[in-house]
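Below is one structure; the comments refer to it alone.
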């Protein structure tokens, strides 16, 4: 194995901006609970999540932070985790991630999770909030609203939510609810009212295609960066409906409005790269895929994402949820994978060292600073352009 070069050293020292993640669990987990959080699937009989790329990577790269030997057996790992307690486990892994800022999606919490402030305190970092719009819509419906009044009530509630201190972006999980093969046009008010009437009558989560189009167009009007889950997720997703290329017509219609951040993307990271290369407002990350492929393969994913992506268009995220191991492992995979591919290009004289170091800074920190602005960073600290303004 080649000795680390200057790009490795620079990325190892870089305070990352994790531009999309979730909280860590605020409870001690049973062996079964911990195993279930290692996978986007389930812990099936006879198939342990520890016997997966992510599970192996946890035992190899996270065990030493619990004072265990590399490749510790699963039973030893879970027992040591319980011995230390969730507060100490979270502190160790969140600190080890080396993230200076966490942008936390607070809209999904089947387990009790750290708030953005609690996550930041455990890591010795800064945290800000990403508002999930479907959750706001469902809260409006649960609070009681007429079909005709739904659109106004949702838009007002979304506006109020994003104006709270510390909010830097909004997010939609339309990929989970309907997929992206939606009519790209803004729905008219009567169409929204009719769809709201149908949804309010039947109840349940927001999965009406007209109302999800309304969510996306409302997000454009809010003026903040819009994060969209794309690609890989749990079994609630139809993967072929989560291809970001299906958004092409909608992206044409929203050109010149807000930045659109395509989250995670795998296995459609090449489609996402194409969109980032041809639409000014499109950016991407390959979070979630990083720790699920692990250090053994995360470089390959990053290399494919960077085949045509402009270097100012790739961001870092972990998409860590529940177990703080993934906040650490995502950062480790990103640093090692990106450093390896950039250093090899420097050694082959395909990049100057100065260019490689700039790309490392941009993707790991500065692209997020430029897009999100305060509280991720002060505008004057990045010369790459002004942050998105709230309108």
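Comparison of 71, 19 shows that the only residue that is over 26 Å from the mean Cα position of the chain (by Cα), closer than 20 Å to residue 293 by Cβ and in contact (Cβ under 8 Å) with a residue 12 or more places away in the chain is 71.
In contact (Cβ under 8 Å) with a residue 12 or more places away in the chain, out of contact with any strand residue (DSSP E or B) (no Cβ under 6 Å at 6 or more places or on another chain), surrounded by fewer than 20 Cβ atoms within 10 Å (Cβ to Cβ) and assigned by TED's automatic domain parsing to the domain that holds residue 319 - does that describe any residue in region 127-136? Scanning region 127-136 turns up at least one residue that is in contact (Cβ under 8 Å) with a residue 12 or more places away in the chain, out of contact with any strand residue (DSSP E or B) (no Cβ under 6 Å at 6 or more places or on another chain), surrounded by fewer than 20 Cβ atoms within 10 Å (Cβ to Cβ) and assigned by TED's automatic domain parsing to the domain that holds residue 319.
Residue check: is residue 93 more than 30 Å from residue 365 (Cβ to Cβ) and buried (at least 19 other Cβ atoms within 10 Å of the Cβ)? Quick ask: steps written out before the conclusion?
Values: more than 30 Å from residue 365 (Cβ to Cβ): no; buried (at least 19 other Cβ atoms within 10 Å of the Cβ): yes.
No; evaluated as a whole, the condition is false for this residue.
Looking at 287, 204, 256, 221, just one residue is in the same structural domain as residue 104 (by TED's automatic domain parsing) and under 14 Å from the mean Cα position of the chain (by Cα), and that residue is 287. Taken over region 178-197, residues that are touching a helix residue (DSSP H, G or I) at 6+ places or on another chain (Cβ under 9 Å) and in a helix (DSSP H, G or I) amount to 8.
Quick one: which helices (runs of 4 or more DSSP H) lie wholly within region 296-371 and hold at least 3 residues that are out of contact with any helix residue (DSSP H, G or I) (no Cβ under 7 Å at 6 or more places or on another chain), in contact (Cβ under 8 Å) with a residue 12 or more places away in the chain and assigned by TED's automatic domain parsing to the domain that holds residue 94? In region 296-371, 325-347 are the helices (runs of 4 or more DSSP H) which contain 3 or more residues that are out of contact with any helix residue (DSSP H, G or I) (no Cβ under 7 Å at 6 or more places or on another chain), in contact (Cβ under 8 Å) with a residue 12 or more places away in the chain and assigned by TED's automatic domain parsing to the domain that holds residue 94.
Here residue 70 fulfils each of the conditions (1) surrounded by 14 or more Cβ atoms within 10 Å (Cβ to Cβ); (2) in contact with a helix residue (DSSP H, G or I) (Cβ under 7 Å, 6 or more places away or on another chain) apart from (1).
Take residue 15 and decide whether it is assigned by TED's automatic domain parsing to the domain that holds residue 371 and at pLDDT 95 or above. Yes. On the given criteria, is residue 119 modelled with pLDDT of 95 or more, within 23 Å of the chain's Cα centre (by Cα) and within 14 Å of residue 325 (Cα to Cα)? Criteria met by residue 119.
The values are calculated or read from the model by the stated rules, or taken from the named source; none is laboratory data. These figures come from a predicted structure and were not determined experimentally. Reconstructed Cβ throughout: ideal geometry from the backbone, glycine too, with neighbour counts over all protein chains shown.
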